[in-house]
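Novice: Sharing a structure below in C-alpha cells format, with a few things to ask.
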Amino acid sequence: MLKKFIQLFFISTLLLGCREEEIISERNYPFIKSLQIHSIDNTGASFDFEIIKSGSANISSYGVEFREVQANFNFGDAENYKIVQQGAPTGNLVSFRITHDLVNGVEYLVLPFVRSGDRVVYGDALTFTSKGGLKPEITGVSTNLIFGDMEFTIMGNYFSSRKEGNIVEIPGLEQFFRLEVLSSTNQEIRVKMTRRYFVVAAFGQKYSLKLTVAGQSTFVVDHFTMTFPVIGHIDPLRAHVGKLIQIGINDEFGQFDGKAYFNYNGFPSAQMILSGGGFGQYMAKIPNIQPGSYEVSILGDGSYLNTYPEKFEVLNSWKVYQKDISLTQLESYTKMQAGDRVLFLGDGGWIDIYAYDFLSNSLQKLKEFPGISTGRFGAVRTVGEERYFYYGLGYRYGSNKIELLKDFRRLDLVNNVWEELPDFPMEKTEIVNAFEFQGNIVVIPANYGSFFVFDVNTKTWRQSAQSVPLEMRHAVSLFVYGNEVYFLLNNNGINIYRYRVGELPVLYRSFQPEFTWDRFRQPQLLILNDIMYVVFGTSDIYKLYMLSDEIVQVQSVFESINSDVLPLITSQRLMLAFPRHPAAYGDKNIIYQLDLEEE
C-alpha cells in the first residue's frame, strides 16, 4: 500500500509541476484532467477524462495507457497496454471503454494521454480493480492441416496484446509438438509449431484448437487434421541422368522441406535435391544412377515416406556403337584418335602401328616407323588434319648416356607412307606436349621457354615469339577449339584455362567433381558443339555448357564401370572406346556412344 501511495504521489506531483508551468508561461500543448473510472464489470471498464485547454498545437492522437499496478510503470513503455485514437476528439470530454488485456482481480493503473506536435501530455493516474474481460473469440485460422514444423495465424478478438498472455494448445498432440506464440495483437496471434517426435497414429485424425486468455478458454472443435506430403504427379516419367523433372506435391500441404529419392530394393537410395516449390511444384535433377525402372519417394520430416504409384524410367545415356572388335593383340598399345580412326601405337624394338576405322569396323596394319623408336621418351605424338600422324624428337637411354633424338617424320594414314621431315633445330629435344593449331604442329619443349612451330606448308621449324604459359606446361589434358586452346589442370578441383595467342591464359571454368567412383584417375578434356566434356574414365563424366554456366553430370557407363577409356569426338557425339578395368587384364573391345537424345 505504501509503494502504491508513493507511486501515485510521484505521478501527481509531476503532473502538478506541468500545471504550474502553464500558469507562468503560455504553452502550445494541451492540458488534460483525469475524471473517473466507472462501469466496471466482466466486459471491461470505462475511463473518462477532460481536455481543459487544447494549446496552440493541433492534437494528432489521444487515448489511454494502462498497466498492472504491481508493475514498474513508466510513461510510454512498450510493455504498457494502449488504446489509441487518431486525430483530435470532437469535444473536451472523452471516454474510453477498456475491453482487452484485463485479468479478473488484478489492479490496474490508468493514465490518459494526448499527443500534440512532438509532445505527449499525460493526465493524472487512476486505479481500478478489474472484473475481467470478454472471452477470446476466434473467427479464423490460417490453416487446418498439420504435419511438421510450420507456422499458422489465429484471427479473432479479445486476445492479449502480450504474446505470453495467450496460451495456444492442440489437445492430444502435446507430446508430439511444441507450440510457441511468436507475436500477438488483440485481433491476431502468430504461432510456431515444432515437432518433438514423429506422429504415426495421428495421421488423418482431427484435433481441436484451444486458446486461453486471462483464464478464459475458447475451443475450435475438430479444426485441425493431421496430413502428410503426397506426390501428385511426376513429369516426365522417363528421362536421362542430369535432366530436370517436375515433382508435384499436394499444394495444400505448404512448403515441403524434405527430400526426394529413387528407391532401391524398397529403400530410399539415390537422393534428388528439390528446388522451387511454388504452388507445390518442385524441380529435381536425375542423379547418376543405373538405367532402369525405379520407385520415387519423398522423405519428410520425422522419416515419413510417400511413394509415387507409377515407376520412373531412368534412360540409358550410352548405346553400344561397336562390339566384339577383334583387337586382342593390341590391348597393351597406346591409343589416340585420328579423325574416324583409332591409332594403336606399339613402342618396342620398332614402332608398330595399327589403324582401326570405327566407322567401317576395320583394322589396318600400317608401315612401321623407319627411324629409331626403341625406348623413346618425351617424343612428339600428334595428329594433323585427321590424316597425318607426326612422330619424332625426344630422347632415349643409351648404354652410357642419354641420346637426344632430333628426327621428325609423319605418316600419311591414307596412303600409308612415311615422310621424312626436317630435324628439330635445337639441341635439347624433350617435348612436354604437341598439338595441331591453325593447320600447323605446335610443340611445347621441356627446356625452352617459347613454343616451336612446324609449318606444314613450308616444312620448316620456327621458334614462336609467344612464351609457353606455366599453367599449360602442367596441363593434364589439352584441346584446340577454333582459334583457342583449352587446357585442364586437376589440382584442388577441375580448373579449365583458355589460351589465346598473344594473351595470358585465363581461368575459364572451375568446378569440384563429385567423384562417384575414382578420384585419382586423370581427367581428359574434349569439346564438341560448344559443350565441354571432362571424362574420368567410364565412371565420372561431366558436361560443361560453354554458352551458359550449367554443369551436368553424365550417366556412368555402368556396364563397364570404373574403367580407363579412350574418349573420342566425332562430328556428332562423344564416344568412349575400349574400356579397361584396373583389376582386369586387357580391354573390352567395345565402343559406346552418347545417346543423341541425351542432349
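The values are calculated or read from the model by the stated rules, or taken from the named source; none is laboratory data. Because the structure is predicted, anything quoted here is derived from the model rather than measured. Cβ sites come from the backbone with ideal geometry, for glycine too, and all protein chains shown count toward neighbours. Keep in mind that these areas ignore ligands, DNA and RNA; they rest on the heavy atoms of the full protein, side chains included. Shrake-Rupley method; radii C 1.70, N 1.55, O 1.52, S 1.80 Å.
Novice: Over the Cα atoms of the stretch 134-279, what is the Rg over Rh ratio if Rh follows Kirkwood? Mind showing how you got there, number by number?
Specialist: Values: Rg = 18.8 Å, Rh = 17.4 Å.
For the stretch 134-279, the value is 1.08.
Novice: In addition: For Tyr294, what is the net charge nearby, where nearby means another residue's Cβ is under 9 Å from its Cβ and Lys, Arg count +1, Asp, Glu -1? Let's see the in-between values first.
Specialist: Working: positive: Lys311; negative: Glu295, Glu313.
Counting the neighbours of Tyr294, the net charge comes to -1.
Novice: Using only the Cα atoms of the chain, what are the Rg and Dmax in Å?
Specialist: When restricted to the Cα atoms of the chain, Rg and Dmax are 41.7, 123 Å.
Novice: Let me ask another. Keeping every protein chain present and rolling a 1.4 Å probe, give me the accessible area per residue for the chain in Å². Before the final figure, lay out the partial values.
Specialist: Details: 29110 Å² over 599 residues.
Counting only protein heavy atoms, the per-residue value for the chain is 49 Å².
Novice: Right, here's the next one. Evaluate E = 1/(1 + (r/R0)^6) for Asn416 and Val480, where r is the Cβ-Cβ distance and R0 equals 25 Å; express this FRET efficiency to the nearest 0.05. Could you put the intermediate results ahead of the total?
Specialist: Details: r = 26 Å, r/R0 = 1.04.
Result of the calculation: an efficiency of 0.45.
Novice: Using θ = phi - 60° and the Karplus curve 6.51 cos²θ - 1.76 cosθ + 1.60, what whole-Hz ³J(HN,Hα) does each residue of the stretch 263-271 get, with Gly and Pro shown as x?
Specialist: 8, 10, 6, x, 10, x, 10, 9, 7
Novice: Work out the charge dipole of the chain with +1 on the Cβ of Lys and Arg and -1 on the Cβ of Asp and Glu about the Cα centre, then indicate which of Ile494, Ser142, Ala260 is farthest towards its positive end.
Specialist: Among Ile494, Ser142, Ala260, the one farthest towards the positive end of the dipole of the chain is Ile494.
Novice: A further question follows. What is the spin-label model distance, in nm, from Ser208 to Val432 if the labels are put 7 Å beyond Cα along the C-beta direction?
Specialist: Placing both labels 7 Å beyond Cα along the Cβ direction yields 8.2 nm.
Novice: Counting only other residues whose beta carbon sits under 12 Å from that of Lys459, what net charge do I get with K and R as +1, D and E as -1? Don't skip to the answer; put the middle values down first.
Specialist: Details: positive: Arg409, Arg410, Arg462; negative: Glu419, Glu420, Asp423, Asp455.
Once all neighbours under 12 Å are counted, the net charge is -1.
Novice: Relative to the first principal axis of the alpha-carbon coordinates of the chain, what is the inclination of helix 2-24, with its axis defined by its Cα atoms, in degrees from 0 to 90 and to the nearest 10?
Specialist: On a 0 to 90 degree scale, this one is about 80.
Novice: Considering the Cα trace of the stretch 293-338, what is its radius of gyration and what is Dmax, both in angstroms?
Specialist: For the stretch 293-338, the Cα-based Rg and Dmax read 21.9, 59 Å.
Novice: Taking only DSSP H segments of four or more residues, each worth -39500 (n - 2.57), what value at 222 nm results for the chain once the sum is divided by all its residues, to the nearest 500 deg cm²/dmol?
Specialist: Values: 2 runs with 27 residues, N = 599.
After summing the helix terms and dividing by the residues of the chain, the value is -1500 deg cm²/dmol.
Novice: I've got another one for you. What net charge is computed for the residues neighbouring Gly63, neighbours being all others with C-beta under 11 Å from the C-beta of Gly63, Lys and Arg scored +1, Asp and Glu -1?
Specialist: Net charge in that neighbourhood comes out at +1.
Novice: Compute the FRET efficiency between Gln85 and Ser217 as 1/(1 + (r/R0)^6), taking r as their Cβ-Cβ distance and R0 = 30 Å, and round to the nearest 0.05.
Specialist: On the way: r = 31 Å, r/R0 = 1.02.
Efficiency, from the Cβ-Cβ distance: 0.45.
Novice: Between Phe75 and His233, what is the label-to-label distance in nm when each label sits 7 Å out along the Cα-to-Cβ direction?
Specialist: About 6.5 nm, to one decimal.
Novice: What full-extension length gain, to one decimal in nm, is calculated for Asn529 and Met155 as 0.36 nm per residue of separation minus the Cα-Cα distance? Provide the component values of the computation, followed by the final result.
Specialist: On the way: separation 374, 0.36 × 374 = 134.64 nm, distance 5.92 nm.
Taking 0.36 nm per residue and subtracting the Cα distance, the gain is 128.7 nm.
Novice: In addition: Could you work out the relative contact order of the stretch 450-550, using alpha carbon pairs under 8 angstrom and six or more residues apart, expressed as a whole percent? Can you show the working numbers first?
Specialist: Details: 169 pairs, mean separation 16.0, N = 101.
The normalised contact order for the stretch 450-550 reaches 16 percent.
Novice: Also, I was wondering about something else. Counting other C-beta atoms within 10 Å, and keeping those with at most 13, which DSSP coil trypsin sites (Lys or Arg not before Pro) do you find in the stretch 338-442?
Specialist: Working: sites: Arg341, Lys365, Lys367, Arg376, Arg381, Arg387, Arg396, Lys401, Lys406, Arg409, Arg410, Lys428; in loops: Lys367, Arg376, Arg387, Lys401, Lys406, Lys428.
Sparse-neighbourhood loop trypsin sites (Lys or Arg not before Pro): Lys367, Lys401.
Novice: Compute the separation of the alpha-carbon centres of the stretch 374-445 and the stretch 499-513 and state it in Å as a whole number.
Specialist: For the stretch 374-445 versus the stretch 499-513, the Cα centre distance is 27 Å.
Novice: Would you please give the FRET efficiency between Glu386 and Thr460, computed as 1/(1 + (r/R0)^6) with r the Cβ-Cβ distance and R0 = 35 Å, to the nearest 0.05?
Specialist: Numbers: r = 23 Å, r/R0 = 0.64.
According to the calculation, E is roughly 0.95.
Novice: Then there is this: Where the accessible area of the chain is counted over protein heavy atoms with a 1.4 Å probe, how much of it, in %, is carbon and sulfur? Write out the running numbers ahead of the final one.
Specialist: Working: 14150 of 29110 Å².
Its accessible area is 49 percent carbon and sulfur atoms.
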